[in-house]
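The values are calculated or read from the model by the stated rules, or taken from the named source; none is laboratory data. Given the structure is predicted, the values throughout are model-derived calculations rather than measurements. Every residue, glycine among them, receives a Cβ derived from its backbone with ideal geometry; neighbour counts consider all protein chains shown. The accessibility values were calculated without ligands, DNA or RNA, using every heavy atom of the protein model including side chains. Shrake-Rupley method; radii C 1.70, N 1.55, O 1.52, S 1.80 Å.
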Amino acid sequence: MNFIAMDFETANYQTHSACSLALVMVKNDKIVGEYYTLIKPQTDFFWKNIQIHGIKPEDVANAPEFPEVWDQIKHYYLENRLIVAHNAGFDTKILAGCLDYYHIPQPHYLSLCTVQTSRRLFPEMHNHRLNTVCDELDIPLNNHHDALEDSRACANILLYQAEHFGTHPLKKLVKAL
């Protein structure tokens, strides 16, 4: 499989509040690259978000703003490129919100959610949170809510699913955005 696993962390509940982003590139069923950056959002941090991911305003004080980050990653978001996320609805909403906020055109790409694939393929799990799925499948997740750790875990979940179930049940859940 070839895809990119994506994960955002946010400063607050606004869709343009991305404060970190990670991408994990997978080619021929192997992780071949990683990208991670902090992002300086144009909004305040909410204490609950800081509590979840540990990123504080001072951590992003010298980080690039989203348009600079987008210039570095936009080549990954192509029409036939599969972008995967655990709870993809959230991550695609954050990407779209950041793009809208800065008046950047929306890309068209393929999306797949590993929460949905896990629900379909592992209905017996008591929930399908990233840490639960990783525990059940014996996939390392050492620092949950670190965007790079979460992206790696997401990539490994999809690779596990493809290896054990094939790509056919996964293809049914791919959405064009």
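Counted residue by residue at 0.36 nm each, then reduced by the alpha carbon distance between them, the extension gain from Thr132 to Arg119 reaches 3.5 nm. Within the shell defined by Cβ-Cβ distances under 11 Å, the residues around Asp146 carry a net charge of -3, with Lys and Arg each +1 and Asp and Glu each -1.
Where a ≥ b ≥ c are the square roots of the eigenvalues of the C-alpha gyration tensor, would you call segment 101-177 rounded, which needs a/c under 1.5, or, failing that, prolate if a/b is larger than b/c, or oblate? Here segment 101-177 falls in the oblate category. DSSP beta bridges in the chain, what fraction antiparallel, as a percent rounded to 5? Bridges in the chain that DSSP calls antiparallel: roughly 75 percent. Taking GluC sites (Glu not before Pro) as exposed when their DSSP state is a loop state and no more than 14 other Cβ atoms lie within 10 Å, the longest site-free interval of the chain runs over 1-78.
Ordered by solvent-accessible area of protein heavy atoms (1.4 Å probe), largest first, the residues Leu130, Leu141 come out as Leu141, Leu130.
Rounded, prolate or oblate: which fits segment 104-143 when a ≥ b ≥ c are the square roots of the eigenvalues of the alpha-carbon gyration tensor, with rounded for a/c under 1.5 and prolate only if a/b beats b/c? In terms of gyration-tensor shape, oblate. Under 22 Å of direct C-alpha separation, and excluding same-chain neighbours fewer than eight residues apart, Lys48 reaches these lysines: Lys40, Lys56, Lys93.
Across segment 142-157, no residue has a backbone nitrogen under 12 Å from the label position 7 Å along the beta-carbon direction of Trp47.
Using a 1.4 Å probe over the heavy atoms of the protein chains, calculate the carbon and sulfur portion of the accessible area of segment 18-153 as a whole percent.
It is 47 percent, rounded to a whole number.
Note on segment 110-144 and segment 19-84: Cα centroid distance 21 Å, given to the nearest whole angstrom.
Amide H to amide H distances under 5 Å link Ser20 with Glu9, Ile39, where only residues 5 or more positions off or on other chains count and H is placed in the peptide plane.
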